[in-house]
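The values are calculated or read from the model by the stated rules, or taken from the named source; none is laboratory data. Just so it is clear, the structure is predicted and the values come from calculations on it, not from any experiment. Reconstructed Cβ throughout: ideal geometry from the backbone, glycine too, with neighbour counts over all protein chains shown.
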Amino acid sequence: MEIDGAVCIVTGASSGIGTATARLLSGLGAHVVLAARRMERLEDLAVELPGSLVVSTDVTIAAQVERLVARTVDTYGTVDVLVNNAGQGLHVPLEELDPTDLRAVFELNVVAPLVGMQAVLPVMRAREHGAIVNVSSATSLRVFPGLGGYAATKAALNMVSQVGQLELADAGVAVSVVYPSVTATEFHQRLRAGHLVSGGHAIQPDPPELPATAIAFAIRTGEAHVLVADPPEPITPGDKGGWGALLARQAPSSAATHAPPDDGPE
Ligand SMILES: NC(=O)c1ccc[n+]([C@@H]2O[C@H](COP(=O)([O-])OP(=O)(O)OC[C@H]3O[C@@H](n4cnc5c(N)ncnc54)[C@H](OP(=O)(O)O)[C@@H]3O)[C@@H](O)[C@H]2O)c1
């Protein structure tokens, strides 16, 4: 996907990784559509980004997501890219995990990106052209005590994305997943519940520009899984011992949906 001239929706553009992504894509010549709930922040950002559009959106409300896509198409005639970036953490041990919090974060981190994909797909299918980037987390590629709720939502997002990669390949729509590590944003001040897990403080946070670069790389290349690193690092699902160890591998054939693959589960 050529970013110059592309129409790119970025959710969660009012802060952190979303703001950095909107700035980067705009700098590369994209028309960016800025979506989030805090309008004042979006309006301030739009002043910096020529040709951008602001659409107040709560991504957990399907009608608002539909409206976001409709406003984009009304303004620019199409949608080339959707960056599903809006998200929230939930960093508590399982014994303290409130199911109400888990449902709310699941709605935001899993259901909302799915609804976003469904909203842009008719436009992308019609042109056999599109890129969808779902922002996951490196916490879904390793197992960390205290992150069960959050990591479960991102692991679910990974699977939705992987299935989407297969289902949409023939439609000309690439689905990518980007995996940031600890990043210097408002994220850890705005957790649904809990706090940065022990050990997290020892990690030098990445600047939000680093995941933004990985998101731009995913858009350009259509790479399925991209670890945030300098430079961005493609990940192979099932890569034993590597970052892809926790990602599901593609079934070798439809028969594999009924029988385990030759090398069996590991
Ligand atoms: N920071 C990290 O350490 C880290 C690490 C790995 C992955 N991630 C992932 O990276 C993504 C971006 O996070 P960030 O670090 O940039 O955090 P952030 O600074 O807290 O930004 C979160 C963004 O999500 C938006 N958002 C939250 N709820 C929303 C809703 N219902 N509707 C629309 N927008 C909503 C917020 O905008 P409004 O409040 O204005 O709506 C905000 O723009 C998230 O998916 C997060 O899980 C972050």
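Contact map, segment 153-171: residues that are away from the ligand (no atom under 16 Å from the Cβ) paired with residues that are hydrophobic (A, V, I, L, M, F, W, C) and in a helix (DSSP H, G or I), Cβ distance under 8 Å, separation 6+ or inter-chain. Pairs shown: Gly164/Met117; Leu168/Leu121; Ala171/Leu121; Ala171/Met124.
Return a yes/no flag: does segment 31-50 have any residue that is more than 15 Å from the ligand (Cβ to nearest atom), in contact with a strand residue (DSSP E or B) (Cβ under 7 Å, 6 or more places away or on another chain) and either more than 20 Å from Pro211 (Cβ to Cβ) or hydroxyl-bearing (Ser, Thr, Tyr) (or both). Looking through segment 31-50, at least one residue is more than 15 Å from the ligand (Cβ to nearest atom), in contact with a strand residue (DSSP E or B) (Cβ under 7 Å, 6 or more places away or on another chain) and either more than 20 Å from Pro211 (Cβ to Cβ) or hydroxyl-bearing (Ser, Thr, Tyr) (or both).
Residues Gly172, Gly164: which one is of a type outside the set (Phe, Trp, Tyr) and touching an Asp or Glu at 6+ places or on another chain (Cβ under 6 Å)?
Among Gly172, Gly164, only Gly172 is of a type outside the set (Phe, Trp, Tyr) and touching an Asp or Glu at 6+ places or on another chain (Cβ under 6 Å).
Taken over segment 51-67, the criterion of being under 16 Å from Ser14 (Cα atoms) and more than 14 Å from the ligand (Cβ to nearest atom) is satisfied by Ser52, Leu53.
Quick one: in segment 1-19, of everything that is among the aliphatic types (A, V, I, L, M) and near the ligand (Cβ under 8 Å from one of its atoms), which residue is nearest to Thr75 (Cα to Cα)?
In this case the residue turns out to be Ala13.
Looking only at segment 201-244, residues that are aliphatic (A, V, I, L, M) and modelled with pLDDT under 95 come to 2 in all. Candidates are the residues of segment 124-142 that are part of a helix (DSSP H, G or I) and touching a helix residue (DSSP H, G or I) at 6+ places or on another chain (Cβ under 6 Å); the one that is surrounded by the most Cβ atoms within 10 Å (Cβ to Cβ) is Thr139.
The listed residues are Ser198, Ser176, and the only one of them that is more than 10 Å from the ligand (Cβ to nearest atom), among the polar types (S, T, N, Q) and either modelled with pLDDT under 95 or not in a strand (DSSP E or B) (or both) turns out to be Ser198.
Here's the yes/no breakdown for (1) over 20 Å from Leu121 (Cα atoms); (2) crowded, with 20+ Cβ neighbours inside 10 Å:
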| site | (1), (2) |
| --- | --- |
| Glu167 | no, no |
| Ala171 | no, no |
| Val177 | no, yes |
| Gln189 | yes, no |
| Ser198 | yes, no |
| Pro208 | yes, yes |
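Only residues that are closer than 16 Å to Asn134 by Cβ and of a type in the set (A, V, I, L, M) were counted across segment 81-119, and they come to 13. Could you count how many residues in segment 118-152 are more than 14 Å from the ligand (Cβ to nearest atom) and of a type in the set (Ser, Thr, Tyr)? Count: 0. Residue pairs whose Cβ atoms lie under 7 Å apart, sitting 6 or more positions apart in sequence or on different chains, and linking a residue in segment 224-237 that is part of a loop (DSSP other than H, G, I, E, B) to a partner that is among the acidic types (Asp, Glu), are Val228/Asp206.
From the list Tyr76, Tyr150, which one is within 17 Å of Val177 (Cβ to Cβ), of a type in the set (Phe, Trp, Tyr) and in contact (Cβ under 8 Å) with a residue 24 or more places away in the chain?
On the way: Tyr76 fails: within 17 Å of Val177 (Cβ to Cβ).
Step by step, each of Tyr76, Tyr150 is checked, and only Tyr150 is within 17 Å of Val177 (Cβ to Cβ), of a type in the set (Phe, Trp, Tyr) and in contact (Cβ under 8 Å) with a residue 24 or more places away in the chain.
When Ala218 is evaluated against the numbered criteria (1) among the aliphatic types (A, V, I, L, M); (2) in contact with a Ser or Thr (Cβ under 9 Å, 6 or more places away or on another chain); (3) within 12 Å of the ligand (Cβ to nearest atom), which criterion, by number, is the only one it fails? Exception for Ala218: condition (3).
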